[in-house]
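Nothing in this text is a laboratory measurement; each read-out follows from the coordinates by a stated rule. Note that this is a predicted model, so its numbers are computed, not measured. When we count neighbours, we look across all protein chains shown, and the Cβ atoms used for this are built from the backbone with ideal geometry, even at glycine.
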Amino acid sequence: MAEIIDGRAMAQKLLARTAEQVKAIEARTGQAPGLAVVLVGSDPASEVYVGRKISQCRKAGIRSVEHRLPADTAEQDLLTLIDALNEDATIHGILIQLPLPKHIDAALVLKRISPHKDVDGFHPVNVGRLSTGTGGLVPCTPLGIMMLLDSVIEDYRGLDAVVIGKSNIVGKPVAMLLLEREATVTVTHIETKDLPDVTRKADIVIAAAGAPHLVRGYWVKPGAVVIDVGITRVTDHDGSTRIVGDCATHELEHARAITPVPGGVGPMTIACLLANTVQAAEMANDD
Ligand code: NAD
């Protein structure tokens with residue numbers, strides 16, 4: 001029977017630790033860490049994510065400041081807001097909820113955020129730091145994935161890890177973090193030939209494709225650790241909807257451990273966002 005790695009419980013622990021750090025920062029500096037959350041437009045999924053992030057901030061004592069902008073906001077107006085937030089000493093983290101409307105260049109916007117306030121870890125400076133192993137703010141989902149893995153793996157040296165998906169927000173950064181730990185990492189994607197043959201050799205499988213139940217039982221060797229990052233909303237025959245991951249979990253009983261969907265990577269992502277905000281506040285106070 002595969003161990004189910006409880007992301008919710010781990011996220012609660014991380015949130016409690018973050019709340020303690022927030023208190024300590026407030027006692028030392030007279031100011032709680034501040035996170036600016038910017039939402040452009042009213043994408044329903046984005047609304048839900050932003051709502052969750054703000055409510056968790058509140059629980060941890062982080063001051064969140066919401067900026068809701070209409071979908072037709074000009075790119076320059078968004079850049080001007082970011083400039084103001086970069087200058088604002090009460091704001092330690094800036095989060096731009098993605099996706100942005102099509103008329104806005106997301107890469108340009110993310111590059112405008114000060115690397116010191118880039119709590120999503122998407123700025124090229126932080127991407128560079130991650131790939132050279134020189135600190136910086138690390139993207140939240142990969143950070144959470146490593147914490148989930150750390151709960152079942154002590155030593156990564158020489159382990160074979162396969163990452164399915166090569167996005168900038170999950171696949172590539174998690175591959176970098178695994179490399180830092182001396183795992184042997186293979187990054188795969190939609191064009192990879194005979195993917196099951198690749199994953200079958202892995203000690204660690206990170207499934208981040210957004211393809212429901214892609215990873216079947218025969219894709220995974222006995223004793224492997226599987227992290228299911230996928231989140232896809234599917235509609236059942238009766239019209240009801242539910243969230244499913246990238247793994248056919250019921251076929252993976254021979255794995256050593258697996259994360260559930262929901263309740264695995266998702267809660268850790270938000271908890272890591274708050275941890276990054278605290279890290280950004282600590283960095284600002286050290287300056
Ligand atoms: P993306 O669409 O940017 O990238 C998907 C990657 O998977 C691409 O590299 C693509 O080549 C690859 N891929 C797609 N289908 C494939 C297939 N059939 N076989 C092999 N490779 C395939 O996605 P993303 O932003 O990295 O997100 C991936 C999934 O993770 C999505 O379901 C997303 O909702 C989820 N996600 C979850 C969290 C969380 O907090 N739990 C955070 C971020 C993303």
| remark: The distance between the Cα centres of region 160-205 and region 96-139, in whole Å, is 22
| note | With the charge dipole of region 30-114 built from beta-carbon charges (+1 for Lys and Arg, -1 for Asp and Glu) about the Cα centre, the Cα from HIS103, GLY34, ILE113 projecting farthest to the positive end belongs to GLY34
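For region 140-266, what does the alpha-carbon gyration tensor say about shape, rounded, prolate or oblate, given a ≥ b ≥ c as the root eigenvalues, a/c under 1.5 as rounded, and a/b over b/c as prolate?
Numbers: a/c = 1.57, a/b = 1.48, b/c = 1.06.
Prolate.
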| message | Let me check I've understood the local charge: for LEU85, count other residues with C-beta under 10 angstrom from its C-beta, Lys and Arg +1, Asp and Glu -1. What total comes out? | response | -1
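Work out the length of the dipole vector of the chain about its Cα centre, built from +1 on the beta-carbon of each Lys and Arg and -1 on the beta-carbon of each Asp and Glu, and round it to the nearest 20 debye. Don't skip to the end; give the middle numbers.
Details: 28 positive and 35 negative charges, 58 e Å.
The calculated dipole for the chain is roughly 280 debye.
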| task | For helix 7-29, report the angle its Cα long axis makes with the longest principal axis of the Cα atoms of the chain; keep it between 0 and 90° and round to the nearest 10°. | result | 20
| said: Rounded to the nearest 20 debye, what is the charge dipole size of region 133-287 about its Cα centre when +1 sits on each Lys and Arg Cβ and -1 on each Asp and Glu Cβ? | reply: 380
| field | Mean separation of Cα contacts under 8 Å, 6 or more apart, over the residue count of region 30-114: relative contact order % | value | 43
| note | For region 140-266, the charge dipole (Cβ of Lys, Arg +1; Cβ of Asp, Glu -1; about the Cα centre) points to a positive end, and the Cα of THR249, VAL187, GLY223 closest to that extreme belongs to VAL187
| query | Within the set LYS13/LYS111; LYS59/LYS102; LYS23/LYS117, which residue pairs have Cα atoms separated by over 25 Å? | reply | LYS13/LYS111; LYS59/LYS102
| message | Could you work out [θ]222 nm for the chain from helices alone, using -39500 (n - 2.57) per DSSP H run of at least four and dividing by all its residues? Round to the nearest 500 deg cm²/dmol. | response | -13000 deg cm²/dmol
| note | The helix 265-286 Cα axis meets the longest alpha-carbon principal axis of the chain at an angle in degrees, between 0 and 90 and rounded to 10, of 40
| task | Compute the acute angle (0 to 90°) between the alpha-carbon long axis of helix 75-87 and the principal axis of greatest extent of the alpha-carbon atoms of the chain; round to the nearest 10°. | result | 80
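Work through the residues other than ASP72 whose Cβ is under 15 Å from its Cβ and net out their charges, Lys, Arg +1 and Asp, Glu -1.
On the way: positive: ARG68, LYS102; negative: ASP43, GLU75, ASP77.
Taking every other residue near ASP72 into account, the sum is -1.
Averaging sequence separations of C-alpha pairs under 8 Å and six or more residues apart, then dividing by the length of the chain, give the relative contact order as a whole percent.
23
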| For the chain, Cys with no neighbouring Cys Cβ under 4.7 Å | CYS57, CYS247
| query | What residues qualify as long-range amide H neighbours of SER64, i.e. H under 5 Å apart, gap of 5 or more or another chain, H built at 1.01 Å from N? | reply | LEU35
| Got a sec? Charge dipole of the chain, +1 on Cβ for Lys and Arg, -1 for Asp and Glu; which of GLY135, VAL50, ILE5 is way out at the positive end? | ILE5
| task | May I ask you to evaluate 6.51 cos²θ - 1.76 cosθ + 1.60, the Karplus curve with θ = phi - 60°, for each residue of region 229-240 and list the ³J(HN,Hα) values in order in whole Hz, giving x for glycine and proline? | result | 8, x, 9, 10, 8, 10, 9, 7, 4, 7, x, 6
